[in-house]
Amino acid sequence: MMHYQKPKVINAFIKALKETYKQGLKNDEYLTPLVAWKDNSPYGRIKDGDVVILCFSRGEREIQLTQALLGEAPFSCQKFANLKIVTLVNFHHSLNVEVAFSRPVIQNNLGEILSKFGIKQARIAESEKGAHIGKFLSGGKEEPYPGEERIIIPTTSESKKRPEMNLAKVTEIVKEKLSSKNYPFIAVNIANADVFGHFPDENLMDACVSVIDKYLGEIVKTAQQYNYITLITADHGVIEIAHDPKTGKMHLGHTTNPVPFVVVPPPSLPENAFILKNHGKLANVAPTILDIFSLPKPKDMTEESLLLKKPKIENPQCLLIILDGWGYGTEGPHNPIWRTPTPNWDAIIAKYPWVLLAASGEAVGKLPNAPGNSEAGHENIGAGRVVLQADVLLAKDFINNPVLEGAIKTVKERETNLHLLGILSHKSSHGKIKYIENMLVLAARRNFNSVYIHGILDGRSAPTPTSGPQFLEELSIILQMQGVGNLVTLIGRNIALDRNQNWRKTEIAYRALVFGEGVKVLI
């Protein structure tokens, strides 16, 4: 007989969550674990022989927690001999997991082509976006190509509190690589806008825009000094909408806005040396870079260069600046880029050719009208073709997926438990409540009822930073409809999904999932 959690249990979690608000929690993202307790002990913990399905649609924030569950974290972990872990999408090739919706590495991407032609390249970013400037720009390839150097500056909890983060250090390294003249191609990710565009503080957003403008000016000036052609673009939008211009309600999620693409020639070339097509998409960037280097475009790159005209260039050098989260929005006080003085940015777009690129929805391989994100943005920038994204793959029915069906078969044969870890959200690029629901549908269809849910609250891509109770009520309805599933853990994304080697956060999440450490929720 199938069973599901009664609404009173979800209500107990809602009550506990609201109590954290009273104690000062202002954003669900930072929620420390709430753990179900029953009969004087933690309930629904992960044990050896169980199957864990990580219901996420991206694979960089999720790596550390997966490593911990596999016993590969730099802290004391429970030794599981027969814990089976399944991910919906690829995380990292080194992880001993099964992947339900696997995607191959994109061949003949920008980094690979440059490497084949012996063009040395440097990739620079904070660790907040280290996977993006490396793995995702290289189509899923984790290791650098021959001749490619990756410089990743650690992002810390403290640096993420400052609008400048580590941008001064990033800028210093970019200048160093430019002046060395050893790298004909340099790519840098500036992470600040995508970090502070999610902060519910408009003053910090404005400060962030100002800082980006300052260091952007320094980088472009140095690039010109060393005769680089500078391309400035973004992977998606977020910081250009701080609040809804009609309602005034804060907007903290990614947008569907286009992003700018600017060509800044070196002083040795006239300002109008490059003429651009009047529109494009992120997948046009890689062919444009190959065009600058006069390299042949492989057949795999189905998109074309954005250049209608280019000068003859001997020994070209190119700097690609990716302003993460710097979308092009409408003018008005709701737009921090518009309302904040940005003398360098204003001078650049007034003086040099630029065009808008589609960076969301089907233009980057996502579902129609879906906002862009950093993974899709960097993949499309580097691939030179539209890359089908995980949300499209995961929109398919989970029924009859051999990996997921195999997971259900395993727990039934072992007579153990199924654990679902996922984000309770509709718009997070890392996961959706729908993926948890799809797994519950599969479990119910296969008459399996021992299912535990470990929910992660987003706080970013949500109606408000404290929308957790709303999503718990929605989960309660899902559980009643499917007749299976028990919520046993609730935790914030910032704790559970750290990607900056802050292993203490990962340990807190791990110990909640395995040992039941956290605030008790009596059920």
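Values in this text are rule-based calculations from the coordinates and carry no lab data. Small disclaimer: the values here were computed from a predicted structure and weren't measured. Note that each Cβ is placed from the backbone with ideal geometry, even for glycine, and that neighbours are counted across all protein chains shown.
Quick notes on this one:
- Zone of LEU367's modelled label, taken as backbone nitrogen in region 230-257 under 16 Å from a point 7 Å along Cα→Cβ: 254-256
- Nitroxide proxy distance, nm - points 7 Å out along Cα→Cβ at GLU415 and GLU143: 4.6 nm
- Think of the chain as a dipole: +1 on every Lys or Arg Cβ, -1 on every Asp or Glu Cβ, centred on the Cα centre; then among LEU306, ILE321, GLY372, GLY372 lies furthest on the positive end.
- The fewest-to-most ranking of LYS18, LYS249, LYS310 by surrounding Cβ atoms within 10 Å reads LYS249, LYS18, LYS310.
- DSSP beta bridges fully contained in region 110-387 are about 30 percent antiparallel.
- Neighbours of ALA444 by Cβ distance under 14 Å: Lys/Arg scored +1, Asp/Glu scored -1, total 0.
- Extension gain for the segment ALA395 to LYS26, taken as residue separation times 0.36 nm less the Cα-Cα distance, is 129.6 nm to one decimal.
- J(HN,Hα) series, region 491-496, from Karplus relation 6.51 cos²θ - 1.76 cosθ + 1.60, nearest Hz, glycine and proline x: 8, x, 4, 4, 7, 6
- Summarising the amide proton neighbourhood of ILE239: residues at separation of 5 or more, or on other chains, whose placed amide H is nearer than 5 Å comprise GLY327.
- Inter-probe distance in nm under a simple model that places probes 7 Å from Cα toward Cβ, at ASP39 and ARG445: 3.3 nm
- Sorted by Cβ density within 10 Å, fewest first, the residues CYS55, CYS77: CYS77, CYS55
- Under-5 Å amide H pairs with TRP37, H placed in peptide plane, nonlocal only: TYR43, VAL521, LEU522, ILE523
- Dimensions (Å) - region 442-523, Cα atoms, principal axes, largest first: 39, 31, 26
- Projecting the Cα atoms of ILE119, TYR30, HIS454 onto the dipole axis of the chain, where Lys and Arg carry +1 and Asp and Glu carry -1 at the beta carbon, places HIS454 farthest toward the positive end.
- GluC sites (Glu not before Pro) within region 284-325, DSSP loop, no more than 13 other Cβ atoms inside 10 Å: GLU314
- Net length gained if the chain between SER294 and ILE349 were fully extended (0.36 nm per residue, minus Cα distance): 17.3 nm
- For the chain, a crude dipole built from +1 on the beta carbon of Lys and Arg and -1 on the beta carbon of Asp and Glu, taken about the Cα centre, is about 560 debye to the nearest 20.
- In the chain, the DSSP beta bridges split such that about 20 percent are antiparallel, to the nearest 5.
- In region 105-205 the Cα-Cα distances spread across 10 Å bins starting at 0 as 16, 42, 29, 12, 1 percent of all pairs.
- R0 of 35 Å, Cβ-Cβ distance GLU19-MET481: FRET efficiency to nearest 0.05: 0.80
- Label zone of HIS93 (point 7 Å out along Cα→Cβ, amide N under 18 Å): in region 52-67 this covers 59-60, 63.
- Close amide-amide hydrogen proximity is noted between LYS281 and ALA358, each under 5 Å apart and 5 or more residues distant or on a separate chain (H modeled in the peptide plane; Pro and chain starts excluded).
- Per residue, the convex hull around the alpha carbon atoms of region 110-387 comes to 115 Å³.
- Charge dipole of region 110-387 about the Cα centre (unit charges at C-beta), most positive-ward option of LEU204, GLY280, THR255: GLY280
- Loop-resident sites, region 18-110, for GluC sites (Glu not before Pro), counting at most 14 other Cβ within 10 Å (DSSP): GLU72
- Under the Karplus curve 6.51 cos²θ - 1.76 cosθ + 1.60, θ = phi - 60°, whole-Hz ³J(HN,Hα) for region 39-56, x wherever Gly or Pro sits: 6, 6, 8, x, 10, x, 7, 6, 10, 4, x, 6, 10, 10, 10, 8, 8, 10
- LEU497, LEU276 arranged by Cβ crowding within 10 Å, fewest neighbours leading: LEU276, LEU497
- Loop chymotrypsin sites (Phe, Trp or Tyr not before Pro), region 29-83 (other Cβ atoms within 10 Å of the site Cβ: 15 or fewer; DSSP): PHE75
- Computed lengthening from ASP244 to TRP503, 0.36 nm per intervening residue step minus Cα-Cα distance: 89.6 nm
- Enclosed volume per residue, in Å³, of the convex hull spanned by Cα atoms of region 262-341: 133 Å³
- Overall dimensions of region 299-373, expressed as equivalent-ellipsoid semi-axes from the Cα gyration tensor (√(5λ), whole Å, largest first), are 26, 23, 10.
- Label separation (ARG339 vs LYS520): 4.7 nm, computed from points 7 Å beyond Cα along the C-beta direction.
- The string of couplings for region 19-25 from the Karplus curve (6.51, -1.76, 1.60, θ = phi - 60°) is 5, 5, 5, 4, 7, x, 5 Hz, one whole number per residue in order, with x for Gly and Pro.
- Straight-distance candidates among the lysines for linking to LYS520, with alpha-carbon spacing under 21 Å and chain neighbours fewer than 8 residues away dropped: LYS6, LYS8, LYS15, LYS18, LYS22, LYS26, LYS38, LYS47, LYS505.
- Of all beta bridges that DSSP places with both ends in region 1-105, some 25 percent have antiparallel geometry.
- Considering all different alpha carbon pairs of the chain, the Kirkwood hydrodynamic radius works out to 23.8 Å.
- Sum of side-chain charges, ASP346 neighbourhood, beta-carbon under 14 Å (Lys, Arg +1; Asp, Glu -1): +1
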